[in-house]
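Enquirer: Submitted below is the structure of interest, expressed as structure tokens.
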Amino acid sequence: MVWIPLFNQLVGIGVIVGQVLIVVLLLELFVPSKMQGTIGRWLGRNGLKIAFLAALGSTAGSLIYSNIIGYPPCTLCWWQRIFIYPEVIILGIALWRRDANGSLYGISVAIPGIIIALYHNWIDLGGKALGTCGVSTGAVSCTQRFIHEFGYITIPLMSLTVLLIILFSLISYRKSLTR
């Protein structure tokens, strides 16, 4: 399929934009500055929408990679999906009902996903795995790389990025409720 390299590059660019967003969110959350004015208020007011769009895009992307392109997900990828896919429903309902408490549910689902994504990135970068990670069961290895865009973007990093966007966007949203 000729369009796969272009798709990978577009997703890679999206990941880089997401990583910049994470830095901005971290600065807004933890560094007192003028950013907490205009940018901080905008990020806070729109944190629920940002998290929802990140979860929706990630879900669509993972389904395209596995069901259209044909990259089989490893065991850890499945576990990360377990924590990303429900975010679309949880945050979508929260947006639809204008329910600020939906952000708490989104945060509580993102945190275990982040822990799994950190572990997956650790073994993807050469760290020691605690088990065989699917190899003994005939599943794809958790260290097999289908994508390596811009010299560092892999599927585990994509997952970690989206989960961090969800977490920090929702924290920013929660913080904006108290302003």
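The values are calculated or read from the model by the stated rules, or taken from the named source; none is laboratory data. Everything numeric in this text was worked out from a predicted model, so none of it was measured. For neighbour counting, all protein chains shown are included, and Cβ atoms are generated from backbone atoms with ideal geometry for every residue, glycine included. Areas reflect the complete protein model, heavy atoms only, side chains present, ligands, DNA and RNA absent. Shrake-Rupley method; radii C 1.70, N 1.55, O 1.52, S 1.80 Å.
Enquirer: Rolling a 1.4 angstrom probe over the protein chains, ignoring ligands and nucleic acids, what is the accessible area of Leu160 in square angstrom, nearest 10?
Expert: Rounded to the nearest 10, that gives 20 Å².
Enquirer: Among (1) 16.8, 53; (2) 16.0, 54; (3) 15.6, 45, only one was calculated for this model; which label is it, if the read-out is Rg and Dmax of the Cα atoms in Å?
Expert: (1)
Enquirer: Another question about this same structure. Once the other residues with Cβ under 14 Å from the Cβ of Pro112 are scored (Lys, Arg +1; Asp, Glu -1), what is the net sum?
Expert: Charge balance near Pro112 sits at 0.
Enquirer: Another question, if that's okay. Quick one: pull the percent of accessible area on segment 6-165 belonging to carbon and sulfur, 1.4 Å probe, ligands and nucleic acids left out.
Expert: Carbon plus sulfur share of accessible area: 71 percent.
Enquirer: With everything on Cα atoms, drop me the angle between helix 155-177 and the longest principal axis of the chain, reported from 0 to 90° to the nearest 10.
Expert: 10 degrees
Enquirer: Report the local net charge at Lys49: Lys and Arg +1, Asp and Glu -1, summed over other residues whose C-beta lies under 15 Å from its C-beta.
Expert: Once all neighbours under 15 Å are counted, the net charge is +3.
Enquirer: Can you give the helix-only mean residue ellipticity at 222 nm for the chain, where every DSSP H stretch with n ≥ 4 adds -39500 (n - 2.57) and the sum goes over all residues, rounded to the nearest 500 deg cm²/dmol?
Expert: Estimated from H runs of four or more residues: -23500 deg cm²/dmol.
Enquirer: Under a Cβ-Cβ cut-off of 14 Å, what is the net charge of the residues other than Ala60 that fall near it, where Lys and Arg count +1 and Asp and Glu count -1?
Expert: Its environment carries a net charge of 0.
Enquirer: Another question about this same structure. Could you give the angle, 0 to 90 degrees to the nearest 10, between helix 4-30's Cα long axis and the longest principal axis of the Cα atoms of the chain?
Expert: Tilt relative to the chain: about 40 degrees.
Enquirer: Same structure again: Please give the helix 75-97 orientation as an angle from the longest Cα principal axis of the chain, in degrees from 0 to 90, rounded to the nearest 10.
Expert: That works out to roughly 30 degrees.
Enquirer: Name the residue, out of Phe52, Phe146, Phe30, whose mean-square fluctuation peaks in a Gaussian network model built on the chain with Cα pairs under 10 Å.
Expert: Phe30
Enquirer: Can you give the charge dipole size of the chain about its Cα centre, rounded to the nearest 20 debye, using +1 on the beta carbon of Lys and Arg and -1 on the beta carbon of Asp and Glu?
Expert: Dipole about the Cα centre, nearest 20: 600 debye.
Enquirer: For Asp124, tell me the accessible area in Å² from a 1.4 Å probe, rounded to the nearest 10.
Expert: Probe radius 1.4 Å; accessible area of Asp124 about 20 Å².
Enquirer: Here's a follow-up. Considering only protein heavy atoms, what per residue accessible area in square angstrom results for the chain with a 1.4 angstrom probe?
Expert: 53 Å²
Enquirer: Another question, if that's okay. With unit charges on the beta carbons (Lys and Arg positive, Asp and Glu negative) and the dipole taken about the Cα centre of segment 38-179, which residue among Gly44, Pro112, Phe146 sits farthest to the positive side?
Expert: Gly44
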